[in-house]
Each structure stands twice: as structure tokens, then as C-alpha cells.
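Report on one structure; see the data block that follows.
The values are calculated or read from the model by the stated rules, or taken from the named source; none is laboratory data. Keep in mind that this is a model prediction, so the values were computed, not measured. Because the Cβ atoms are built from the backbone with ideal geometry, glycine has one as well, and the counts that use them run over all protein chains shown. The protein model used for the area step is the full one, side chains on, heavy atoms only, and it has no ligands, DNA or RNA in it. Shrake-Rupley method; radii C 1.70, N 1.55, O 1.52, S 1.80 Å.
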Amino acid sequence: MTVSNPGDAAPPVDLRPLGRTGILASPVTLGTSSLGAGTVPGDAGEAEAIDLASAMLHGPYALIDTSNEYAGGRSETVLGEALARDGIAPGRAIVTKVDRDPVTGVFDRDRVRRSFEESCERLGVDRLGILHLHDPYSVSFEAAMGPGGAVAGLLELRDEGLVDAIGVAAGRMSLMRRYVGTGVFDLVLSHNRFTLVDRSAVPLFEEAGERGMGVFNAAPFGGGLLARGSASGATYAYGETTPELRAWVERVEAVCVRHGVDLPTVALRFSLRSPLVHSTVVGVSSTARIDELERARAADVPEELWVELDALGPAPSTIVD
Ligand SMILES: NC(=O)c1ccc[n+]([C@@H]2O[C@H](COP(=O)([O-])OP(=O)(O)OC[C@H]3O[C@@H](n4cnc5c(N)ncnc54)[C@H](OP(=O)(O)O)[C@@H]3O)[C@@H](O)[C@H]2O)c1
């Protein structure tokens, strides 16, 4: 989906192929998991969210990441409102994900078709470039892969030309390795597992790269801790931190101070500099955050900083799978 709006923006920055998909991404993809949360149609919060969505659709990056279930569907609705009002700049596209039924948890072929239709209706489109299978935790791998399963639904959508490329987007590595190992997906998205404090996605990304898949690395700030810092009380990967993890992040902060760079810049650049990652998905809550991302991309981060971070040794990550 790329509706052009004459008079718009420069091309997206630093385009690169997402594996063999033929789709181009920028180094950063904007995440919208909280876009429109708590708003209702017509209220002031929704108007603000639509303005932010429009800024994303005309921003420096090629892709904007959402899902059927983000903010209870409001993320897609707000993106759809922005798209209808202001269009989308050339070279930009919305990526979304199919989700289990929010009431029953059912996640089979029929639910995938309904999820796709709901997303298209909210976004005001009739086809999508990228569609991921999102957090398939309510069904077994065998059920998702079997006849009538969720993956059959995604494959049908791709075969019918309603979707160009399909991905799997989730956390747990034991499960992600199995899905990637099927060879049926074009893309993978992992979160919180390739950051300053956790590297458990490395084998997954290596395998995806060998298979020619596109690789998204989401949540480079761990959802907060690696942007707000050790003293902020922020969580890592949406869960409580430990004193050991906070102490380790404090040591990273000391390295950052010595080199005159801030923690969020280093956390973002850790992902951007990796050849394993095609695009890093970052949550943004304001247009100021988009400007900050561009500053972080341009900042001077000396090579010695990475050497000093390596010397700290592995972090006591709180992620177990
Ligand atoms: N299963 C999946 O498919 C999956 C899972 C997780 C994430 N994702 C995608 O990845 C995106 C990113 O994940 P995420 O938002 O959870 O994690 P994230 O990008 O690691 O962290 C975003 C958080 O960092 C804060 N932040 C960013 N820059 C900052 C700065 N300079 N100073 C202070 N705070 C700063 C933001 O605060 P503010 O709110 O104040 O801006 C926000 O709360 C999601 O929106 C979603 O699109 C997908």
C-alpha cells in the first residue's frame, strides 16, 4: 500500500532490501503499539494521535509497524484516519500483523482471514505489503502449522496476492526458531532480544539471514530501560528489572558519559550497526521522538565505546526465552 500524496516529502532515508522480499525498508521502522491508546473517536486525544500518525506516514522512514490488536485496534484505526486525511508520502507503507481473536483466543485460518479483513477496513486499504503472524502463543506450533491453521491462512493471503510478504513477529526464541525453520516465512520480527543487554536473537537472525528473510529487530530500548536509564524505574521487556540488571546498565551509562553520548543513542546504534538487522522498530509517542531518532542516527559514536561495552561482559538479562 503506497498512496502517493503530491507535494510530499523527500524519499525515505537509507533504503535497503528486506531480504529477498523485494520490499525496501529504512534502518528505522516506527512502532505504534500505543498509538491511539485510551482515545475515543472524535476526542482531543484521537486528534493528536492522528496528527502523530500523519507525521509518521510522512516521516523519514519507509515503514510504520502496527498490528490488529495494538491499543485494542485503535492504532490501526488512527493510522487509517491519518491515511484518509493526509495520504502517505511516496515510498512509505504500513506493516501490520494478524492476531488471535481477542475474546476466545482462537487463532486459526478463519481468524487470520478475519483479522486481515478487520485491519484492511480500519486502514482503508484492500491489500498489504507485509503481514506478520503476531504472538502465536494461544495455539500450539503444530496447530498453527497444520491444516486449517493460522499459517495456512497467511499462505492463502499471499497466494491470492492480497499480501506481498508474510512474517512471524514474536518474542520467545524457542518458538521463533521453529517458525523460521519451516521456511515458509519471508520475514521475522523479534523484540527485546537483540539489545545492549540481551543477545538471544542472534542465532535466529543468523538463520533468517541465511534463508534470505527480512529481519526486523524491535524494542532496542527494551521498551524503556535503555532509553530512560537505570535510575528511572523503567521496565525491561515489559517486566520488572533486577538490581543486577540496573547495576549493569549503570555501568553502560558511565561508559556513555565518558564518551559524551547518551544511553538511547547507544542503544539504538547497537541495533543499527549490526549487519544481522535490516530495520530496527522503535516505539514513538511524539514527533519530537522522531527528531531524536534522526539525531541519534547521526551522532558520533566512537569505536572505543563499543570496545568498552564489550569489556563489561554479558549483561544479566531478565529474559529466559
Ligand atoms: N511481538 C511483536 O510483534 C512486537 C513486540 C514488541 C514491539 N513490537 C514493535 O516494536 C515497537 C517498539 O517497541 P516498544 O515501543 O515496546 O519498545 P522500545 O522502542 O524499545 O521503547 C520505546 C520506549 O522508549 C522510550 N523512549 C524512546 N526514546 C526515548 C528517549 N530519548 N528518552 C526517554 N525515553 C525514550 C519511549 O518513551 P515515550 O513513550 O516517552 O516516547 C517508549 O516508552 C512497538 O511499538 C511495536 O511496533 C512488536
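Dipole size of the range 70-149 about its Cα centre, with +1 on Lys/Arg Cβ and -1 on Asp/Glu Cβ: approximately 140 debye, rounded to the nearest 20. Hey, any idea what % of the chain's accessible area is carbon plus sulfur with a 1.4 Å probe? Percent of accessible area from carbon and sulfur atoms in the chain: 52. GNM remark for the chain: springs join alpha carbons under 10 Å apart, and the peak mean-square fluctuation among Asp14, Asp43, Asp108 falls on Asp43. In the chain, the DSSP beta bridges split such that about 10 percent are antiparallel, to the nearest 5. Gyration tensor analysis over the Cα atoms of the range 234-319 returns equivalent ellipsoid semi-axes of 21, 18, 13 Å (largest first, whole Å).
Report, in whole Å, the centroid distance computed from the Cα atoms of the range 254-283 and the range 155-217. Using only Cα atoms to place each centre, the spacing works out to 21 Å. How much of the calculated P(r) for the range 51-117 lies past 18 Å, in percent of all Cα pairs? So the pairs more than 18 Å apart make up 40 percent of the total in the range 51-117.
The angle separating the long axis of helix 74-86 from the principal Cα axis of greatest extent in the chain is about 80 degrees. For the range 70-209, the solvent-accessible area works out to 34 Å² per residue, with a probe of 1.4 Å and every protein chain left in place. Per-residue ellipticity at 222 nm computed for the chain from its helices equals -12000 deg cm²/dmol, with DSSP H segments shorter than 4 residues left out and the rest contributing -39,500 (n - 2.57).
For the range 278-321, a Kirkwood radius taken over Cα pairs fed into Stokes-Einstein (20 °C, viscosity 1.002 mPa s) yields D = 158 µm²/s. Using C-alpha pairs under 8 Å with a sequence gap of at least 6, the mean separation divided by the residue count of the chain gives a relative contact order of 17 percent.
Across the chain, the longest run free of exposed loop sites, meaning GluC sites (Glu not before Pro) lying outside DSSP classes H, G, I, E and B with no more than 16 other Cβ atoms within 10 Å, spans 1-159. Which residues does a label at Arg20 reach in the range 186-216, if reach means a backbone N under 12 Å from a point 7 Å past the Cα toward the Cβ? Under 12 Å, as judged by backbone N against the label point of Arg20, lie 186-187, 209-214 of the range 186-216.
Applying Stokes-Einstein at 37 °C and 0.692 mPa s to the Kirkwood radius of the range 70-204, computed over alpha-carbon pairs, gives a translational diffusion coefficient of 211 µm² s⁻¹. Expressed as a fraction of 2.2 N^0.38 Å, the C-alpha radius of gyration for the range 43-85 is 1.08. Over the Cα atoms of the range 127-227, the radius of gyration divided by the Kirkwood radius equals 0.98; this is the Rg/Rh ratio.
Counting only protein heavy atoms and a 1.4 Å probe, the range 229-321 has 52 square angstrom of accessible area per residue.
Above 18 Å lies some portion of the pair distances; for the range 1-98, what is it as a whole percent of all C-alpha pairs? The proportion of pairs with Cα distances above 18 Å equals 43 percent.
Potential lengthening of the chain between Arg295 and Asp110 amounts to 62.2 nm, from the contour at 0.36 nm per residue minus the alpha-carbon distance. Counting only alpha carbon atoms, the long axis of helix 44-57 and the longest principal axis of the chain meet at about 80°.
Give me the dipole magnitude in Debye, nearest 20, for the chain about the Cα centre, with unit charges on the beta carbon: positive for Lys and Arg, negative for Asp and Glu. Don't skip to the answer; put the middle values down first.
Working: 29 positive and 44 negative charges, 91 e Å.
Roughly 440 debye for the chain.
Label separation (His259 vs Ser232): 1.9 nm, computed from points 7 Å beyond Cα along the C-beta direction.
Scattering from the range 100-168 was approximated by placing one identical point on each alpha carbon and applying the Debye formula without solvent; log10 I(q)/I(0) at 0.16, 0.21, 0.23 1/Å stands at -0.48, -0.83, -0.99.
Remark: the range 176-299 is approximated by an ellipsoid whose semi-axes, taken from the C-alpha gyration tensor as √(5λ), come to 26, 17, 13 Å, largest first. Percent of alpha carbon pairs in the chain separated by more than 25 Å? Across the chain, Cα pairs with separations above 25 Å total 49 percent.
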